[in-house]
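The values are calculated or read from the model by the stated rules, or taken from the named source; none is laboratory data. From a predicted model like this one, the values you see are computed outputs, not experimental measurements. So basically every Cβ, Gly included, is an ideal-geometry build from the backbone, and we count neighbours across all protein chains shown. Heavy atoms of the whole protein, side chains included, go into the accessibility calculation; ligands, DNA and RNA do not. Shrake-Rupley method; radii C 1.70, N 1.55, O 1.52, S 1.80 Å.
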Amino acid sequence: MQAKKRYFILLSAGSCLALLFYFGGLQFRASRSHSRREEQSGRNGLHQPSPDHFWPRFPDALRPFFPWDQLENEDSSVHISPRQKRDANSSIYKGKKCRMESCFDFTLCKKNGFKVYVYPQQKGEKIAESYQNILAAIEGSRFYTSDPSQACLFVLSLDTLDRDQLSPQYVHNLRSKVQSLHLWNNGRNHLIFNLYSGTWPDYTEDVGFDIGQAMLAKASISTENFRPNFDVSIPLFSKDHPRTGGERGFLKFNTIPPLRKYMLVFKGKRYLTGIGSDTRNALYHVHNGEDVLLLTTCKHGKDWQKHKDARCDRDNTEYEK
């Protein structure tokens, strides 16, 4: 019985080896035959197409089966993975290589000068006071025009300042609303204002629609997404920030430093975890309690006590004081 088994195993192994040599020989002979044909064609001056020639060429790279904008509704508050975050930023910033010479039409400015057109406000659309102040400042300036044919720059009346999906100021369905604007032209010669984007704790720079070739006037924009000499980095100002005016400055003639009690002041949440936590947690190194006041509180979110550290009690006391 054991002899039969050994004989069967040897016979099977021999058959497999024979098949391998047979198919390998076929492939070797075919490759040699192909080489001879190519060599003969070269001698006769004939062009033989390369193997790549037989593969179809596609103008665009293959897209995912589910595009980013179909993976989840734009109003969803589900946290996303780091890979999805990178995909989101790349889909939003499709015009990453945009510069003034490539994505801005200067002929509109040369014809009528620098004129700015603000889209008419649509009925039923909510606009935060901060964005109303921005639009009012533009409309009250000498650069404003109510005629879009005279404009060099276009500004949306749709509120794009707060794109945090958890915010009451968040404007829903912004993607379809922007695409329906007949002057949009893939964002060319448009300027979009934005202060907040993404949702805690991920905070991607997804503003909820494809900005195309539009310029961004944005706060807290990352160096990875900032397009030099095209985008505008603006400070993150409070909704109570005055539109114009203010008290007269303390700087008189060449008085350096200015006659003020405090040189630097900051007051805000510390963010014990997530994006921004590394920076905020390091502010206490600069805080001296005299002319440099950097006050942070750990009280952020419902579960902040789970992440509480040794400095929280002292920081919270100084913040509230």
Apply the a/c threshold of 1.5 to the C-alpha gyration tensor of the range 264-320 and tell me whether it is rounded, prolate or oblate. prolate
Using only protein heavy atoms and a 1.4 Å probe, report how much of residue 233 is accessible, in Å² to the nearest 10. 80
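Determine the order of 170, 319 by accessible area, beginning with the largest, at a probe radius of 1.4 Å. Could you put the intermediate results ahead of the total?
On the way: 170 5, 319 55 Å².
The most accessible residue leads, giving 319, 170.
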With a 1.4 Å probe and every protein chain left in place, tell me how much accessible area residue 304 has, in Å² to the nearest 10. 40
Taking Cα pairs under 8 Å and at least six residues apart, what relative contact order does the range 264-320 come out at, in percent? 38
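What is the percent carbon and sulfur in the accessible area of the range 264-320, measuring with a 1.4 Å probe over the protein chains and ignoring ligands? Don't skip to the end; give the middle numbers.
Numbers: 1860 of 3730 Å².
Whole-percent figure for carbon plus sulfur exposure: 50.
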Computed label-point distance, nm, for sites residue 136 and residue 266 using a 7 Å Cα→Cβ extension: 3.1
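Rank-order 204-213, 180-189 by packing density, defined as the average count of other C-beta atoms within 10 Å over each peptide's residues, highest first. Mind dumping the intermediate values first?
Numbers: 204-213: 20.5, 180-189: 14.8.
Put in order of decreasing packing, that is 204-213, 180-189.
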Can you grab the distance from the C-alpha centre of the range 181-235 to the C-alpha centre of the range 275-312, Å, no decimals? 29
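Suppose accessible area is computed on protein heavy atoms with a 1.4 Å probe; arrange 135, 11 from highest to lowest.
On the way: 135 5, 11 95 Å².
Largest accessible area first, the residues go 11, 135.
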